[in-house]
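Q: One structure coming up, written as C-alpha cells, with questions to follow.
Taken together, the values in this text are just the output of simple stated rules run on the coordinates, not laboratory data. The structure presented is a predicted model; accordingly, all values stated were derived computationally and were not measured. Using ideal geometry, Cβ is built from the backbone for each residue, glycine included, and neighbour counts are taken over all protein chains shown.
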Amino acid sequence: MTARRRTAILISGRGSNMAALLAAAADPAYPAEIVLVLSNRADAGGLARAAEAGIPTAVVESRPFGRDRAAFEAAVEQELARHGVELIALAGFMRVLTEGFTQRWAGRMVNIHPSLLPAFPGLDTHARALAAGVRLHGCTVHLVTPGVDEGPILAQAAVPVLEGDSESSLAARVLAEEHRLYPAALAWVAEGRVRLEEGRAVIAAQPGASAPALRNPA
Ligand code: GRF
C-alpha cells in the first residue's frame with residue numbers, strides 16, 4: 001500500500017462530517033490519514049470529538065484577524081506545515097478563503113456543500129431549496145477554487161424533497177448522505193484518481209491508475 005496522504009480537516013462547528021471522515025480514516029486501509037483537525041473557533045463542538053478520537057487539534061481564531069484574511073491564513077498555514085499536511089478537507093468551515101490560499105492548495109483541497117451544485121451555492125441551502133419547490137436536493141463534494149462553491153464537482157448524492165418537509169427534516173436527510181459521500185470522495189483524491197479535463201473532474205476507475213498530476217483549474 002502506498003503511504004496514506006496526510007490530511008487536515010478544517011471545521012467551524014459541530015463536525016459531523018469531520019466525524020464521518022475520522023471514522024473512515026480509522027481503517028488503516030483508507031488512503032487518507034487525518035493528522036490534524038483545525039478550527040477557526042475555539043467553541044467548535046467538533047474539537048472535543050476529534051480530541052476524543054485521539055486526533056491532534058488546533059485553534060486559529062479568525063475573529064482577531066478581522067478582515068485580514070491573508071494574515072489569518074498565514075497562521076493556518078503554519079499549523080498545516082507543522083503537521084506536514086498534504087490534503088485539506090473543509091467540513092463546515094465557515095470562512096471564505098483567499099485566491100492565494102485556494103491556488104496554493106489547488107487540487108489538494110476539497111469541500112462538502114449541502115446542495116446539488118451549481119444550484120444553491122452559499123448559505124441557507126435547505127430553506128432555499130424548499131422555497132424553490134425543487135423535488136430533488138442533496139449534497140456535493142468538490143475541489144475548492146477561488147469562486148465560492150464553484151470548484152470541479154467530484155461527487156453528488158440526491159435525496160427527495162417530501163411533502164411537509166421542514167428545513168430541519170430536509171437537512172437531516174441530506175446530512176445522512178453527506179456522511180456517506182464525503183469519505184468516498186476524499187478517498188478518490190487521496191488515491192490520486194482525480195484529474196481535471198477542461199475544468200471538470202474525471203475520476204479514474206482504478207486506484208493509482210496513471211492519473212496525471214492535478215493542475216490548477218484556473
Ligand atoms: C454541512 O451541512 C456541510 O455540508 C456544510 O456545513 C455543514 C457542516 O455540518 N458545509 P457538520 O459540522 O459537518 O456537522
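Q: Hey, what do the phi angles of the range 157-165 turn into as Karplus ³J(HN,Hα) couplings, whole Hz, using 6.51/-1.76/1.60 and θ = phi - 60°, x for Gly and Pro?
A: Values, residue by residue: 9, 10, 10, x, 9, 9, 3, x, 4 Hz.
Q: Distance between the C-alpha centers of the range 3-67 and the range 83-131? Whole Å please.
A: One Cα centre to the other: 15 Å.
Q: Something else about it: GluC sites (Glu not before Pro) within the range 2-109: which are DSSP loop residues with at most 16 other Cβ atoms inside 10 Å? Before the final figure, lay out the partial values.
A: Working: sites: 33, 52, 61, 73, 77, 79, 86, 99; in loops: 61, 86.
Taking the range 2-109 and a limit of 16 other Cβ atoms within 10 Å, the loop GluC sites (Glu not before Pro) found are 61.
Q: Separate question: Tell me what the chain gives for mean residue ellipticity at 222 nm when only DSSP H runs of n ≥ 4 count, each as -39,500 (n - 2.57), the sum divided by the residue total, rounded to 500 deg cm²/dmol. The partial results should precede the final answer.
A: Values: 6 runs with 70 residues, N = 218.
Helices in the chain give a 222 nm mean residue ellipticity of -10000 deg cm²/dmol.
Q: In nm², what is the average projected area of the convex hull enclosing the Cα atoms of the range 73-154?
A: 5.4 nm²
Q: Right, something else. Trypsin sites (Lys or Arg not before Pro), restricted to the range 101-210: which are DSSP loop and have at most 16 other Cβ atoms within 10 Å?
A: On the way: sites: 104, 108, 128, 135, 173, 180, 193, 195, 200; in loops: 108, 135, 193.
Listed in order of number, the matching sites are 135.
Q: Which length gain, in nm to one decimal place, applies between residue 23 and residue 176 when the Cα-Cα distance is subtracted from 0.36 nm times their residue separation? Write out the running numbers ahead of the final one.
A: Details: separation 153, 0.36 × 153 = 55.08 nm, distance 1.42 nm.
Difference between extended and current length: 53.7 nm.
Q: If r is the Cβ-Cβ distance from residue 3 to residue 202 and R0 is 25 Å, what FRET efficiency results, to the nearest 0.05?
A: My answer for the efficiency is 0.60.
Q: Considering the dipole of the range 112-218 built from charges on the beta carbon (Lys and Arg +1, Asp and Glu -1) around the Cα centre, which of 176, 136, 146 is farthest to its positive end?
A: 146
Q: If you place +1 on the Cβ of every Lys and Arg, -1 on the Cβ of every Asp and Glu, and leave all else neutral, what size is the dipole of the range 1-95 about its Cα centre, to the nearest 20 Debye?
A: About 160 debye.
Q: Sticking with this one: May I ask for the net charge around residue 138, where only other residues with Cβ less than 10 Å from the Cβ of residue 138 are counted and Lys, Arg are +1 while Asp, Glu are -1?
A: Details: positive: 173; negative: 177, 178.
My count for the surroundings of residue 138 gives -1.
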